[in-house]
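Beneath this line is the structure, given in structure tokens, with notes to follow.
The values are calculated or read from the model by the stated rules, or taken from the named source; none is laboratory data. Everything quoted here is computed from the prediction, not taken from an experiment. No Cβ is skipped: glycine too gets one built from the backbone with ideal geometry, and neighbour counts run over all protein chains shown.
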Amino acid sequence: MTWNNKHGRAARGVTMYAVAVALALPGCGDDGAGTGTDAGTTGEDATTEDDSSAGSTTSAGSTTSAGETTTGESTSTGAETETSETSETGETSETGETTGDVPLDLDALLEGLEDPYLAVYEGDGDGGLGHVNYFGLDPESPEFAELDPAEQAKVGKIQATSLHSVLLQPTVEYAGAEVTGTLEVSDDDGVRRQELVLKLPADWNGKLVVAGAPGTRSEFSNEAVLTPWLLARGYAYVAGNKGMTNAGADGNTTMLGQGHPTAHWGAMMIDMGLWAQERLEAATQDPVTAVYAVGLSNGGYQVRRALELDHLRVGQGEDRLFTGGLDWAGAYWPDARALDLDDDQEVSVDEFAAANHLVSTNETAALTMGWLHDPDTLNASDFYYEEPPFGDAHAAMIAAGFAPASALIWGAYNSTFDYLKDYGLTEFKGVGYYNITGYVFRAELLGHSLEQSLAYSCYSDGGDTPPPFYPWLEQAESGGWTAESVEWALRNANTGEFSAPLISVHGDRDGLLGLDANAVAYADAVESFGDAAMHRLYVIEHGGHIDLHSDGLLDFDANGMVGDEGAADSFTIIQPYAERAFDYLVEWAEQDTPAPPSATVPTDPTNDILDADQLSFD
């Protein structure tokens, strides 16, 4: 295929920078593109792939027919453009199939989006589809100032959501086209809006990955943890922000908007997948041969829920969307069957309050560890150096679903953002992942605004008194839940029922989404209510929640100094294991070769393996 170079146009007063690029797209639908892992994993000894068939031409400093001046960076447009005509070089066979050199119609990728923006990257100094030059780009630099505003926005989103280990900084550039915009879908369940990004690599293998977003982060939050190795394999990639539009960095403000956004997170994966599949086929004139769901943390939850919803769609006679899924440290929301302990066909507020789920486990952790600046807190250096760490916290933390191996990071997650108080943000005094996660998701389920949630807010007044979060929880009746909030929690809960292969990867040192409350509990739900033969759970020994924290650059012992504990030698970098699990998934789904049985995968945290090809789960 060849690029149909019609997209060098600007509209609606948007200032653009452009370059005339003609990239070949060889082997559409061919499984052979980008199967190696060196280029997508470490970047230390990887080099840019030389695709002689993907020649590019640049016309720097020239003017397009629309009056745009090209600058030699990337081709981009913010306009909805008309669909290009059928190739005059293509021929139609007797079977009706198009043959010959069919041009790639990039304009087709824009359809269905509000405020679409298209950019073409040569992958030769412009950062490529993975934007490897944006991670360290200084927003005060001349290079940043020269970027189009839409590209500047990408820089901000990418830098706001760094989740990867420093050992896996992406460096390889991949040529291709990228579309951003807002997708809105309306049905009987209401209106779903999300900002998304679609990447089509020049060496597309004919397959698509639909990515869930971690936390309440943006559509670019997987830019270093998923896209490098997926682009290296030739996958097209689409990711959304789950409707979390808080300046594109995180969606905590959105969660307090009384709209119960989590109820749509699973369906949004279906929305993205159907839209991207249709657009790719329209643009390339080739079928999408496989669609995979992949996600980390809350994105892992999205993967599970997407496969469950797709299973329901198939049962209703619709075509299957997902070929398989990879859930990396996904959150588990138990459904009514798992929560209804007295078998009265109803989940009471007390049953929900007693269960382990995202809110309850994080609230338990916060109350157990105590507010960092409370004299009775367990979040202190002496307790970190106990054997095991934080010994007095173990009974409650294990009951809440955390594995004992995760104790090393309990203190760090209890006070992650406390350092911000020293920069004038006194409201973050004593704030960590535990209390902020419990607070935000509780407010979402209760349907509370910022003002309504002040009674149990995790934010400090800057003084020595714990914030309302702690006394409120200690006296809350029935855990502070209501029948309506339980109904919202159940609306998008996991069923454990799916009919495409699903692989879960979870670290036993995950101190945010405890292994037992999330990965093991979900595997149990699959065993009880679904088809266990379609699921694998690989527990990665010494693995944490996100690899950025496994670099040991947190204040683990609460002594005010970052990274002096040597904790990096106690954590394993999980990204290559997720990459290897994905390869197992593809073999399972496409070649009918079942993945190895569920297992705990042993690791050496002092000698991280960063090349997925060197890993085996057998």
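Criterion first (surrounded by 21 or more Cβ atoms within 10 Å (Cβ to Cβ) and either hydrophobic (A, V, I, L, M, F, W, C) or outside any helix (DSSP H, G or I) (or both)) does Pro467 satisfy it? The answer is yes for Pro467.
Note on segment 99-134: residues that are assigned to a strand (DSSP E or B) and without any contact (Cβ under 8 Å) to a residue 24 or more places away in the chain total 1. Considering segment 313-324, and only residues there that are touching a residue at least 40 places away in the same chain (Cβ under 8 Å) and either among the basic types (Lys, Arg) or touching an Asp or Glu at 6+ places or on another chain (Cβ under 9 Å) (or both), the residue that is farthest from Leu274 (Cα to Cα) turns out to be Gly324.
Looking at Glu184, Glu223, Glu195, Glu178 in this structure, which one is among the acidic types (Asp, Glu) and not in a strand (DSSP E or B)?
Numbers: Glu184 fails: not in a strand (DSSP E or B); Glu195 fails: not in a strand (DSSP E or B); Glu178 fails: not in a strand (DSSP E or B).
Selected residue: Glu223, the only one of Glu184, Glu223, Glu195, Glu178 that is among the acidic types (Asp, Glu) and not in a strand (DSSP E or B).
Within segment 223-234, can one find any residue that is more than 24 Å from Asp547 (Cα to Cα) and among the aromatic types (Phe, Trp, Tyr)? Within segment 223-234, not a single residue is more than 24 Å from Asp547 (Cα to Cα) and among the aromatic types (Phe, Trp, Tyr).
Given the criteria buried (at least 24 other Cβ atoms within 10 Å of the Cβ) and over 17 Å from Thr182 (Cβ atoms), does Leu256 qualify? No; evaluated as a whole, the condition is false for this residue. Quick one: in segment 259-294, which of the residues that are under 25 Å from Ser457 (Cα atoms) and in contact with a helix residue (DSSP H, G or I) (Cβ under 8 Å, 6 or more places away or on another chain) is surrounded by the fewest Cβ atoms within 10 Å (Cβ to Cβ)? This residue is Ala263. Each residue in segment 473-531 was checked for being closer than 25 Å to Cys458 by Cα, without any contact (Cβ under 8 Å) to a residue 60 or more places away in the chain and among the acidic types (Asp, Glu), and 3 of them qualify. Any residue at all in segment 302-310 that is surrounded by fewer than 24 Cβ atoms within 10 Å (Cβ to Cβ), in a helix (DSSP H, G or I) and either hydrophobic (A, V, I, L, M, F, W, C) or modelled with pLDDT of 95 or more (or both)? Checking segment 302-310: at least one residue is surrounded by fewer than 24 Cβ atoms within 10 Å (Cβ to Cβ), in a helix (DSSP H, G or I) and either hydrophobic (A, V, I, L, M, F, W, C) or modelled with pLDDT of 95 or more (or both). Within segment 540-554, the only residue that satisfies the criterion of being surrounded by fewer than 22 Cβ atoms within 10 Å (Cβ to Cβ) and not in a loop (DSSP other than H, G, I, E, B) is Leu548. For segment 311-345, the set of residues classified as closer than 26 Å to Gly507 by Cα, of a type in the set (Gly, Ala, Ser) and in a helix (DSSP H, G or I) consists of Ala338 only.
Does Glu587 count as without any contact (Cβ under 8 Å) to a residue 24 or more places away in the chain and outside any loop (DSSP other than H, G, I, E, B)?
yes
Tyr522 passes every criterion in (1) under 20 Å from the mean Cα position of the chain (by Cα); (2) not in a helix (DSSP H, G or I) apart from (2).
Out of Gly234, Gly215, Gly259, one residue alone is over 19 Å from Gly330 (Cβ atoms), part of a loop (DSSP other than H, G, I, E, B) and out of contact with any Pro (no Cβ under 9 Å at 6 or more places or on another chain). It is Gly259.
Checked against the criterion of being of a type in the set (Val, Ile, Thr), closer than 26 Å to Val562 by Cβ and touching a helix residue (DSSP H, G or I) at 6+ places or on another chain (Cβ under 6 Å), the candidates Thr361, Thr377, Thr426 yield just one match: Thr361. The conditions of being modelled with pLDDT of 95 or more and in a helix (DSSP H, G or I) are not met by Ala595.
Looking across segment 348-359, the residues that are in a helix (DSSP H, G or I), surrounded by 21 or more Cβ atoms within 10 Å (Cβ to Cβ) and either free of Cβ contacts under 8 Å to residues at least 60 places away in the same chain or within 23 Å of the chain's Cα centre (by Cα) (or both) come down to Leu358, Val359.
Taking Thr606 as the residue in question, decide whether it is closer than 23 Å to Ser297 by Cα and surrounded by fewer than 15 Cβ atoms within 10 Å (Cβ to Cβ). Here the answer is no, as Thr606 does not meet what is asked.
Pick out the one residue from Leu147, Leu137, Leu163 that is under 23 Å from Gly251 (Cα atoms) and assigned to a loop (DSSP other than H, G, I, E, B). Explain how you work it out, then say what you get.
Working: Leu147 fails: under 23 Å from Gly251 (Cα atoms); Leu137 fails: under 23 Å from Gly251 (Cα atoms).
Within the list Leu147, Leu137, Leu163, the selection yields Leu163.
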